[in-house]
1. Report, by residue number, each residue of region 111-134 that is touching a Leu at 6+ places or on another chain (Cβ under 8 Å) and either within 16 Å of Leu233 (Cβ to Cβ) or touching a residue at least 60 places away in the same chain (Cβ under 8 Å) (or both).
2. Taking the criterion of being touching a Phe, Trp or Tyr at 6+ places or on another chain (Cβ under 7 Å) and either surrounded by 23 or more Cβ atoms within 10 Å (Cβ to Cβ) or of a type in the set (Gly, Ala, Ser) (or both), would at least one residue in region 92-103 satisfy it?
3. Please enumerate the residues belonging to region 147-170 that are at pLDDT 85 or above, open to solvent by 90 Å² or more (accessible area, probe 1.4 Å) and either of a type in the set (Gly, Ala, Ser) or in a strand (DSSP E or B) (or both).
4. Enumerate the strands (runs of 3 or more DSSP E) found wholly within region 40-146, keeping only those where 1 or more residues are at pLDDT below 90 and farther than 30 Å from Ala257 by Cα.
5. Looking at region 222-235, which of the residues that are open to solvent by less than 40 Å² (accessible area, probe 1.4 Å) and touching a residue at least 60 places away in the same chain (Cβ under 8 Å) is farthest from the chain's Cα centre (by Cα)?
Amino acid sequence: MWSTFFVTDEEGRTVVPGAAGAPGMVAPGGPPQAAGGLATLMGGRSTFAGSKRRRTTSTGRGMSEAQEGKIKLAFFVAIVGVVLTVLGVGTEFWVELAPSKNFYNNLTCLTAHYGLWKGCTKTLWVADIDPERESCGPAELPGESNCTYFKFFTTGENTVLFQKTTEKNLNVAAAMLAMFSLFLMVMGAICITMSLSKEILFFLKPASICFILSGVLVLLSLMVFHQSVLSFLASDHTVPLHHELSWSVSCIGCAGAVLIVGGILFLLLALPCSPWQKCLPHKEDNS
């Protein structure tokens, strides 16, 4: 007694597979088919899938899991730089200014600190200050604080602290450099997101340029701000001040270095071959 099974092809016809080279059996409700039809059909499907894989690779979308992991790691490094930049730009502890702690009276003293956008003055109790410290501060001590945004961003007026006048042009230039660096960070993050979602390595090159330039601009902003502080101190010598750069500047300096490193990592990942190995011409596999 014959034991048979039926196979339906893509056109809805029912065939009975037979031995290779032998005529196939006629299935009920379907026309006779060759026994090799099923093998040919399956071979065609395999060929179609193979051509599809080759076509995907030729368009640059064949990103391996190892490449994706390296890109995500470099992106994490760049994100750390972005977070440090936002933290530094958004805070006002770039520089601390303080006269002698006994300049006004023996009970209280005045200290000030400011950043890119606003400045704060703070009244401290002399008893809370370290006896070995000659100047008033640090600004983290408890006291009455008063913070105001700089007017040279709105009305163009300079700010006077301890009878010294800020350098408006340098302060505005430092702030604009910081903002433009943040814009480049956003553009770089968009490029990396598109590279990971579309699996295209081409977007790594513009992303690397954006992050490297943003790191350079962050460091330039820090240099311009320091020059503005020196100009501020030189504007009047009536009140001797002790000045020191605070923790916001540390965040900005670290952010610039991290962003440049992240951009270099993206540039290395975008290269067609490893920079530590000799680049050999790619030989296509014709098998």
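The values are calculated or read from the model by the stated rules, or taken from the named source; none is laboratory data. Just so it is clear, the model here is predicted, and its values are computed rather than measured. Positions of Cβ are backbone-derived with ideal geometry, glycine not excepted, and every protein chain shown enters the neighbour counts. Heads up: the accessible areas ignore ligands, DNA and RNA and are worked out on the full protein's heavy atoms, side chains in. Shrake-Rupley method; radii C 1.70, N 1.55, O 1.52, S 1.80 Å.
1. Selection gives Thr111, Ala112, His113, Tyr114, Gly119.
2. Taking region 92-103 as the starting set, the residues that turn out to be touching a Phe, Trp or Tyr at 6+ places or on another chain (Cβ under 7 Å) are 92-95, 97, 99.
Subset that is either surrounded by 23 or more Cβ atoms within 10 Å (Cβ to Cβ) or of a type in the set (Gly, Ala, Ser) (or both): 94, 97.
There is at least one residue in region 92-103 that is touching a Phe, Trp or Tyr at 6+ places or on another chain (Cβ under 7 Å) and either surrounded by 23 or more Cβ atoms within 10 Å (Cβ to Cβ) or of a type in the set (Gly, Ala, Ser) (or both).
3. Answer for region 147-170, where residues must be at pLDDT 85 or above, open to solvent by 90 Å² or more (accessible area, probe 1.4 Å) and either of a type in the set (Gly, Ala, Ser) or in a strand (DSSP E or B) (or both): just Tyr149.
4. Details: elements: 95-98, 108-114, 118-125.
Filter on region 40-146 gives 108-114, 118-125.
5. Keep residues of region 222-235 that are open to solvent by less than 40 Å² (accessible area, probe 1.4 Å), which gives 222, 224-225, 228-229, 231-233.
Restricting the remaining residues to those that are touching a residue at least 60 places away in the same chain (Cβ under 8 Å) gives 225, 228-229, 231-233.
Numbers: Phe225: 23, Ser228: 28, Val229: 29, Ser231: 33, Phe232: 33, Leu233: 35 Å.
In this case the residue turns out to be Leu233.
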